[in-house]
Amino acid sequence: MKTLLARHGRILRLAGLLALAGYALYLLAGNVFLNSHFGHELLNRRPEAFTMEWNGGRTFWPGRVTLREVRMRGHARRVQWSAQADAVRGRIALWPLLHKELRVPWVEADGVTGSLTRAARERPAPPPRPGGWMLDFRRIATGSLRRATLGDWQVTGNGRAEVGFGKQLRGGPMELRPSTLQFDAARVSRGDIQWLRDVRLSSTFALPRHVSAEHPGFAKLDLLAATLDLHGTTIGLQSTLDGEGRYDFAVLPGDGELQAKLSLDRGTLAPGSQLQLRLPLSNVDAQGTRVANRFDLRATVDDALHLRATLPDLDGRHPSLDATLDVPGIALPLKDWHERLMAASGEVRAHGHLPSIGGVVALFTQADWMGLEGSGTVDADLKLADGRLLDGSRLQVSDVEARADVLGNRFRGKARAQANIANDAAGNPQSRLDVVMEAFSAAPSDAPGKPYFTGERLRLETLADARLDRMKESMQARVRFERARIPELVVFNPHLPNDTLRFAGGSGMLSGDLRLDGDGDVGRGTLRVEGRQVRLAVAGMDLRGDVVLDARLRRGNLHKGEFELGDSSASVRNVAFTEPGGTTHSGWWATLDIDSGRAEWKTPSSASGNLRVRMRDVGFLLAMFADRTDLPAWVGKVVDAGEARLSGKWLWQGKRLVLDQARAQNERFTVDARLALEGPRRHGDLHLKWGILGVGVELQDGNRKYHLRGARQWYDSRPPLLP
């Protein structure tokens, strides 16, 4: 019996010695691992994805570890994160390691700070592969969370947090178990500015098991369940309006208030969620007058999102706002915020200077070719139902920059505008906008910095269905201006066909009245150019006189610059010119009517059609072909034979100007002509008949050939220049 007991005693002593030796070996190996470079190198084999550093540690029991001064960071796709702690204690389950599972039942940390920021570059996720390790952190807790950073925002104070998560490596699923975050007496700052103080924050959050690649970025919000309960004291703001219509904002000490009680379930705000902001606001206008005010914003959720914003009107000169909006839907307004706001119902009354005014004006008119831009003073009273402005809505804008792209030109100027909604006879709401540019300039659309005429009181009026989805297609517009000044008519030379027809000097006036639709198509319109003592160079001759052009435009396309020109006319008066041979003319006049025609306004310009002309005599037409002294003597009597009427066809395309099938006549003579001017080249044919006399002139690049016999037959044998 004693022998058996002695044997058992030796076995127990041996087992104890082995256990003690194993424990001693664990103490040695574990603490050496924690306090040597080997442990650091083993955990930091992929520093581009994850690194962990610590400054000493200890372990006294298998699976239980304590580390000091822990620093971790990681990079996943476009997210970078980091965490630091003065001390970390935790337990690692050892047996699951045999099954490629890192199970950590609990971790406790002291003196914790953490950050989550957007990376400058994306680190692509590796393709999913089987056999990845399973990470299972059941509970990570700290009672001394000092600072949390999200992007540029930082929360500092006395915090507590408890987080649990699971993740399978190599692209496997992950989950965020129900977790909590709390702060007391915290501060919220961004850069050097402290936006909130005395913050009390309590939050819960969880994500169900999912594959991250299937829910990238904000798509994870569709899975998130979270609550936020926040209360804090805000700073104040000061807005200062400068002389150019821009606001400069500065932070002031303040005692505003922010309260939020929000609940989110799979991307949807829960009924009962609410947010309220009371912000002290000091406004300084462009004259330096300061007014203290308070901006209030309240948002509540039931089956929709309800917004209420107020900024009291204290003196009628500084900004004010009274808005009540019901926005459909209770999903987080991230991707579709603009669309949902455009479907809102409610009332908005506002007054003040807006740094960007285009979005407000877009409620009343939508057209790519015109707009109100930049800053301006707004006085608005809007009534909305399902995104539609209702009868009685109005908008007044002043000191705004307006533009209109018309006829290949960009009109710009400081403007005032008035818009309103009124029902038509059928009860349908119609949107009217009336814009007046008190002073404007116009420049080619492709060179908007080089204006070539200026004027006053350009008026732009639009009328459209007030329903936003039909506004553009139903819009009708009218642009009017009178007697805009053209200091130098030579600016139009790039639009003329070639150097054989160009302005040599003189100024003029331009008036316009155009009607367009939402796509910029011209239904009809008029343009009138008036010039006195205009100098023209035509086919080597210099002309001086008064010019009036009345263009009737219809059925055109603004963007293509195409117009019908029927019923357009032009006239020249008091014209003096000298033929190449020295013969002078004065007091010449002509009026031109276009029966049918079409023009393309954009460079290179082109036009064509049929014309009728009344002229004092045919002297100018003959001078285009030859000097009077080179023709038979009887031709002079034809020139002096009185008023003539001409009809024909014409084409102006690129650098080519053509007159064809032209016939000028009266009771005493007939002149037939065809002429083409192309760059420096001139060629054409002329036949003049006076009684039984006739002569033909063949013009080829300045060389002339005269036909005295069979002139009519020769002319008829020549090919036409136009079909």
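Annotations
- Efficiency of FRET between R528 and L693 - r from beta-carbon atoms, R0 51 angstrom, step 0.05: 0.75
- Separation of the alpha carbons by more than 28 angstrom is noted, of K649/K689; K649/K705; K414/K655, for K414/K655.
- Against the empirical 2.2 N^0.38 Å (N residues), the range 356-486 has a Cα radius of gyration ratio of 1.07.
- Each of T59, T365 has some number of other Cβ atoms within 10 Å of its Cβ, and from fewest to most they run T59, T365.
- Across the range 638-654, the residues whose backbone nitrogen lies under 18 Å from the label position 7 Å along the beta-carbon direction of T591 are 642-648.
- Counting all C-alpha pairs of the range 438-507, share separated by more than 13 Å (%): 74
- Along each principal axis, Cα extent of the chain, largest first, Å: 165, 60, 47
- Partner aspartates and glutamates for K261 [C-alpha distance under 17 Å; skip if fewer than 8 residues away on the same chain]: D184, D198, D229, D296, D302, D303
- Across the cross-link table entries K100/K167; K167/K220; K383/K472, which are compared at the Cα atoms, the separations over 18 Å belong to K383/K472.
- P(r) tail for the range 197-351: Cα pairs beyond 19 Å make up 65% of the total.
- Under the combined filter of DSSP loop state and at most 14 neighbouring Cβ atoms within 10 Å, the range 45-98 retains none of its chymotrypsin sites (Phe, Trp or Tyr not before Pro).
- Here the calculated FRET efficiency for R459 and A93, from their Cβ-Cβ distance with R0 = 56 Å, stands at 0.10, rounded to the nearest 0.05.
- In plain terms, the residue of V436, V112 with the fewest other Cβ atoms within 10 Å comes first and the most crowded comes last, giving V436, V112.
- Each of V32, V163, V188 was scored by other Cβ atoms within 10 Å of its Cβ. Listed from fewest to most, they are V32, V163, V188.
- Protection proxy ranking, peptides 35-42, 315-322, 544-551, average beta carbon neighbours within 10 Å, highest first: 544-551, 315-322, 35-42
- Cross-link reach list, aspartates and glutamates versus K637, counting only Cα pairs under 15 Å and skipping chain neighbours closer than eight places: D617, D627, E667
- Taking a Cβ cut-off of under 11 Å around L463, the surrounding Lys, Arg, Asp and Glu residues balance to a net charge of -2, with basic ones at +1 and acidic ones at -1.
- Summed over qualifying helices (DSSP H, 4 residues or more, each -39500 (n - 2.57)) and divided by its residue number, the chain shows a 222 nm mean residue ellipticity of -3000 deg cm²/dmol.
- Whole-Hz Karplus values for the range 110-119 come out as 10, x, 9, 10, x, 8, 9, 9, 8, 6 Hz, taken residue by residue from phi with 6.51 cos²θ - 1.76 cosθ + 1.60 and θ = phi - 60°; glycine and proline positions read x.
- Qualifying GluC sites (Glu not before Pro) in the range 565-672, DSSP loop, other Cβ atoms within 10 Å at most 16: E643, E667
- Nearest-0.05 FRET efficiency for D110 and E438, computed from C-beta distance (R0 45 Å): 0.05
Here, each number is a calculation from the coordinates, and none is a lab measurement. The model shown is predicted, which means the values in this text are computed figures rather than measured ones. Don't worry about glycine lacking a Cβ; one is built from the backbone with ideal geometry, like all the others, and counts go over all protein chains shown.
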